[in-house]
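Working notes, structure below.
The values are calculated or read from the model by the stated rules, or taken from the named source; none is laboratory data. The structure displayed is predicted, hence computed values, not measured ones. Backbone-built Cβ (ideal geometry, glycine too); neighbour counts: all protein chains shown.
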There are 2 protein chains.
Amino acid sequence: MVHAKRWTLKKHFVGLPTNSDFELKKVELPPLKDGEILLEALYFTVDPYMRIMAKSLKEGDMMMGEQVARVVESKNSAFPTGTIVVAPSGWTTHSISDGEKLEKVLAEWPDTLPLSLALGTVGMPGLTAYFGLFDICGVKGGETVLVSAAAGAVGSVVGQIAKLKGCKVVGTAGSDEKVAWLKKHGFDVAINYKTVKSLEEALKVAAPEGYDCYFDNVGGEFSNVAITQMKKFGRIAICGAISVYNRTGPLPPGPSPEVIIFKELHLQGFVVYRWQKEVRQKALRDLLKWVSEGKIQYHEHVTEGFEHMPAAFIGLFKGENLGKAIVKA
Amino acid sequence: MVHAKRWTLKKHFVGLPTNSDFELKKVELPPLKDGEILLEALYFTVDPYMRIMAKSLKEGDMMMGEQVARVVESKNSAFPTGTIVVAPSGWTTHSISDGEKLEKVLAEWPDTLPLSLALGTVGMPGLTAYFGLFDICGVKGGETVLVSAAAGAVGSVVGQIAKLKGCKVVGTAGSDEKVAWLKKHGFDVAINYKTVKSLEEALKVAAPEGYDCYFDNVGGEFSNVAITQMKKFGRIAICGAISVYNRTGPLPPGPSPEVIIFKELHLQGFVVYRWQKEVRQKALRDLLKWVSEGKIQYHEHVTEGFEHMPAAFIGLFKGENLGKAIVKA
């Protein structure tokens, strides 16, 4: 008999999630049926989107999310024991799958790279950066790109890909340590938005000619200011809005409609699952290649132990993570 | 000697513009030089965008805007006396032009149609509807379109073109008289947003399947509600934001970023002058044809007398006009 430990949503979040909103449960898994496999989690991801998705859970449901897992028992010839997959199994140490929604890590994955990157730079956040920048922003070499939460799982990839493609890149982050990391890894300008005297002024000084693209991870007041600094016909990829996910009151004032209209700005919300099959596989291979060749640097903020998943998740909203927040099982 | 009467901006607007923000002046025009023509205004337009553009004027400057004018004296063979043009001359009864920024009304303009339509349905507002719907919304037949300020100069054309193209059209307006006009002219559903119990509920009942396109003329709280009713991958053309142009405090809360992200909405601000030359001429001909054939109905809210221009302009923000607000010289 296999027992899985699971983190469930005990109470719906009000404001910043707290440890007591979660409950750890133990469940017994049934024996495998034909076609099924048993997965053991190696790494878990925590991501800001879970703050939103959890609203659709019932209290008592398991938290959703991806994990890198190993097949430890198999009745499915497509997934022999030992296969490494990315699985949408949720916050659970063990799970049973029919293989349907699993994605094997790329065959060419080198031993030198941690498998946890399949949840980060060579996984959902990396793909989000890739498609957001290329397909949503339609970025071209020589353009000026602004990215918020630039030291985060998505933003750090956005900025580095934009540099690879020959853009000028301005990134903002919430600590001097993060700003130092950005400068070290090629961002043309890195701004600590928490300590800067005037964000508007700092963005203007960083790119007096304005921004062609803004990759928006934070929303709220920050983005209102960023929008004023766009060039005419600027493009804004709306990826996340972490600054307002924990609000209990109304949203902050919206962006200036006059700026959006007269600068003829183009804003687009997006979710990475829009891109599937060949384009997704190509993007994963590009990302893996760039990381393998050292053209994209990664940083992981690793929390050890499944029991600390809630803390790792809550840490996202306190700006604790530099790079991808990962929980090691 | 020709004397022109001109409306100038006496004081920058604070909140709703008032009569005392304007001053009527009389100026003497110089004799024509070679290549110049003298224009006498026949019709003036007042449009919401002037509330925004006036911010860039110095106090004492003439108000900006288009007029339909007749050439009354000419030293330019391209514009003989009697030619009818649309001119960006501002709020002035007479003006001198070198012909550069003038647009002749279409040669095929029928005698049966008032020339003032060149400032409305077959002019800037009509073009705004046309390009906003086709190019920005990318509307296709069979889709469901929502338009706010639907009985206005732009909105009334948006809805009728969308119907011509085989869409289901829901329009909102601020009086029962306007709602009646919309229903009479083919809108599938027309809603008085001022008297409806719940706008969200009304929009949902009107199109339970949601909206593919939202043509936004009003911004603010209305648009926040509209955005929640969009379909996945919905497109929003941000044309105007009349509900917030007169604000003296901060903007109302912004739209839900969660909705924009998870529905993967596409929002775009635009100004009609983006489309020029051939595409503009084609659009004007299409509009003239549709009006001539009775496929698009127009309504003009005509104020008689140049001396009442400020009142006509202020009336826009009080929702006084059904259709295009025009001032007859």
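Restricting attention to the stretch A:245-257, the residues that are within 7 Å of another protein chain (Cβ to nearest Cβ) and crowded, with 21+ Cβ neighbours inside 10 Å total 3. Is at least one residue of the stretch B:300-320 under 17 Å from the mean Cα position of the chain (by Cα), within 14 Å of chain A (Cβ to nearest Cβ) and either surrounded by 15 or more Cβ atoms within 10 Å (Cβ to Cβ) or of a type in the set (Val, Ile, Thr) (or both)? So far as the stretch B:300-320 goes, no, none of its residues is under 17 Å from the mean Cα position of the chain (by Cα), within 14 Å of chain A (Cβ to nearest Cβ) and either surrounded by 15 or more Cβ atoms within 10 Å (Cβ to Cβ) or of a type in the set (Val, Ile, Thr) (or both). Note on the stretch A:264-282: residues that are within 7 Å of another protein chain (Cβ to nearest Cβ), touching a residue at least 24 places away in the same chain (Cβ under 8 Å) and surrounded by fewer than 21 Cβ atoms within 10 Å (Cβ to Cβ) amount to 2. Selection of the stretch A:55-73 for residues being surrounded by fewer than 19 Cβ atoms within 10 Å (Cβ to Cβ) and not acidic (Asp, Glu) yields A:55, A:56, A:57, A:58, A:60, A:62, A:64, A:70, A:72.
Looking at the stretch B:298-329, which of its residues are part of a strand (DSSP E or B) and free of Cβ contacts under 8 Å to residues at least 60 places away in the same chain? Show your work before the answer.
We begin by selecting, within the stretch B:298-329, every residue part of a strand (DSSP E or B); these are B:300-304, B:323-328.
Scanning the stretch B:298-329 gives B:301, B:303, B:304.
Within the stretch A:214-242, the set of residues being within 16 Å of the chain's Cα centre (by Cα), part of a loop (DSSP other than H, G, I, E, B) and either of a type in the set (A, V, I, L, M, F, W, C) or more than 9 Å from chain B (Cβ to nearest Cβ) (or both) comprises A:217, A:218, A:239, A:241, A:242. Here residue A:228 qualifies as surrounded by fewer than 19 Cβ atoms within 10 Å (Cβ to Cβ), in contact with a helix residue (DSSP H, G or I) (Cβ under 8 Å, 6 or more places away or on another chain), assigned by TED's automatic domain parsing to the domain that holds residue A:198 and on the phi < 0 side of the Ramachandran plot. Restricting attention to the stretch B:283-297, the residues that are surrounded by fewer than 22 Cβ atoms within 10 Å (Cβ to Cβ) and in a loop (DSSP other than H, G, I, E, B) add up to 4.
Identify all residues within the stretch A:149-170 that are under 15 Å from residue A:180 (Cα atoms) and either touching a residue at least 40 places away in the same chain (Cβ under 8 Å) or touching an Asp or Glu at 6+ places or on another chain (Cβ under 6 Å) (or both); write none if there are none. Full working, then the answer.
First, the residues of the stretch A:149-170 that are under 15 Å from residue A:180 (Cα atoms): A:149-152, A:155-156, A:159-160, A:169-170.
If the condition is that a residue be under 15 Å from residue A:180 (Cα atoms) and either touching a residue at least 40 places away in the same chain (Cβ under 8 Å) or touching an Asp or Glu at 6+ places or on another chain (Cβ under 6 Å) (or both), then A:149, A:150, A:151, A:152, A:155, A:156, A:160, A:169, A:170 are the ones that fit.
Condition first: in a strand (DSSP E or B) and surrounded by fewer than 20 Cβ atoms within 10 Å (Cβ to Cβ). Now tell me which residues in the stretch B:9-51 satisfy that. Result: B:23, B:24, B:25, B:26, B:27, B:28, B:29, B:40, B:42.
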